[in-house]
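**Q** Just dropping this structure here.
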Amino acid sequence: MTIRSALHSSIPRLRKAGIDSASLDAEVILAWCLKKDRVYVLAHTEKSLTPAQEKKFNAAIKKRVKRVPVAYITGKKEFFGLDFSVTRDTLIPRPETEHLVEEVLTYLASTSQRTEIIDIGTGSGAIALALASRAPKNVHITTLEKSKKALMVAKKNAKLLGLSKKITFKKSDLLSALSTNYLPTGQAGELRTTNFPILISNLPYLSTKEYQTSIKRYPEMRYEPRAAFVGGANGMSVFNIFFKQLSHLCTTGTHVFLEIGPKQGLAIKKLTKKNLPGAELSFRLDECGKPRIAHISIP
């Protein structure tokens, strides 16, 4: 079997399964099987696959036909120009979450102070590590994650990207592992008195109904951790807990950046007013004019 015949035989199968990105997916999967990139695949269509490569490719295509995400098949996903290892224990990083990283980097560019960042629910570590790769030297990042398996993935990614020294990993359900006036430093196990200058998170924000609608449209979501998507019946249950914790931990100078659902702007305003009176709230809108990134500043 040549590269050309492998693609020609697999693309119709993927299209029949309802996959719009059939050509791209087949090329990416084949490149992964060959341990090459897509450019190689497209430039060497007459190259023959070995029996082992052919077997691996066919097995991978069978998984994709069942709507297993390409990222879970190949075990990696690009985010903010970096390659991340992903498993079924972690949410697959989305392009729209790059806007959250951009907002934090814009803020960091406006300050010269040594800054501590806390990434809540880090998953694969995509947000934290993307920030670590671009942030100034005076920035240190702590990641909080309640899943031990997800933390292992995040630590692996930090090592692969050479960013381990910039990151502290801590097991925590939201902010529960932190106490007022304390924050982990870059030294494992140490704590030091400080404020909480920047907190960032992509919390679960889909309602149960929205999730059910989404998995019908995007069956791949069934393979990802449900808890990373669903925020209760109205999508706000995790935000409610998070904001209560914020009310006890936030101090003057704290900045909070959150990715939110497009219908949650008003609810976030109410939570901010209730739990963080006097805080300033602004939104970054998406291309449809809907609020997607919330920035809360404690004066």
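The values are calculated or read from the model by the stated rules, or taken from the named source; none is laboratory data. Values in this document were obtained by computation on a predicted structure and should not be read as measured data. Note that we place each Cβ from the backbone using ideal geometry, even for glycine, and neighbour counts take in every protein chain shown.
**Q** Would you say residue 230 is under 18 Å from residue 172 (Cβ atoms), aliphatic (A, V, I, L, M) and touching a helix residue (DSSP H, G or I) at 6+ places or on another chain (Cβ under 9 Å)? Before you say what the answer is, go through the steps one by one.
**A** Values: under 18 Å from residue 172 (Cβ atoms): no; aliphatic (A, V, I, L, M): yes; touching a helix residue (DSSP H, G or I) at 6+ places or on another chain (Cβ under 9 Å): yes.
Criteria not met by residue 230.
**Q** Out of (1) crowded, with 18+ Cβ neighbours inside 10 Å; (2) under 22 Å from residue 286 (Cβ atoms); (3) in contact with a Lys or Arg (Cβ under 9 Å, 6 or more places away or on another chain), what's the single condition that is false for residue 86?
**A** (2)
**Q** Now for a different question. Can you pull out the residues in region 175-217 that are at pLDDT below 85, under 23 Å from residue 90 (Cα atoms) and either assigned to a helix (DSSP H, G or I) or acidic (Asp, Glu) (or both)?
**A** Passing the criteria: none in range.
**Q** Does residue 278 satisfy being more than 18 Å from the chain's Cα centre (by Cα), over 28 Å from residue 132 (Cα atoms) and in contact (Cβ under 8 Å) with a residue 12 or more places away in the chain? Reasoning before the result, please.
**A** Numbers: more than 18 Å from the chain's Cα centre (by Cα): yes; over 28 Å from residue 132 (Cα atoms): yes; in contact (Cβ under 8 Å) with a residue 12 or more places away in the chain: yes.
Judged against the criteria, residue 278 is a match.
**Q** Quick one: count up the residues across region 261-281 that are closer than 20 Å to residue 204 by Cα, out of contact with any helix residue (DSSP H, G or I) (no Cβ under 6 Å at 6 or more places or on another chain) and not charged (D, E, K, R).
**A** Going through region 261-281 one residue at a time, the tally reaches 8.
**Q** Considering each residue of region 1-54, count those that are in contact with a Ser or Thr (Cβ under 6 Å, 6 or more places away or on another chain) and acidic (Asp, Glu), and give that number. Break it down stepwise before answering.
**A** First pass over region 1-54, keeping only residues in contact with a Ser or Thr (Cβ under 6 Å, 6 or more places away or on another chain): 2-4, 11, 26, 32, 46, 48.
Still in the list and also acidic (Asp, Glu): 46.
So the answer is 1.
**Q** Is there a residue being closer than 16 Å to residue 200 by Cβ, part of a strand (DSSP E or B) and touching a Ser or Thr at 6+ places or on another chain (Cβ under 6 Å) anywhere in region 124-142?
**A** yes
**Q** Wholly within region 22-77, which helices (runs of 4 or more DSSP H) include no fewer than the required count, namely at least 3 residues that are not β-branched (Val, Ile, Thr)?
**A** On the way: elements: 22-34, 38-43, 51-65, 70-74.
The helices (runs of 4 or more DSSP H) meeting that bar are 22-34, 38-43, 51-65.
**Q** Among residues belonging to region 218-273 that are surrounded by fewer than 19 Cβ atoms within 10 Å (Cβ to Cβ), part of a helix (DSSP H, G or I) and polar (S, T, N, Q), point out the one that is farthest from the chain's Cα centre (by Cα).
**A** Taking the candidates together, the pick is 247.
**Q** So how many residues does region 1-20 have that are more than 21 Å from residue 39 (Cβ to Cβ), under 29 Å from the mean Cα position of the chain (by Cα) and part of a helix (DSSP H, G or I)?
**A** First pass over region 1-20, keeping only residues more than 21 Å from residue 39 (Cβ to Cβ): 9, 12-13, 15-20.
Of the ones still in play, those that are also under 29 Å from the mean Cα position of the chain (by Cα) are 15, 17-20.
Pick out the ones that are also part of a helix (DSSP H, G or I) and you get 15.
Going through region 1-20 one residue at a time, the tally reaches 1.
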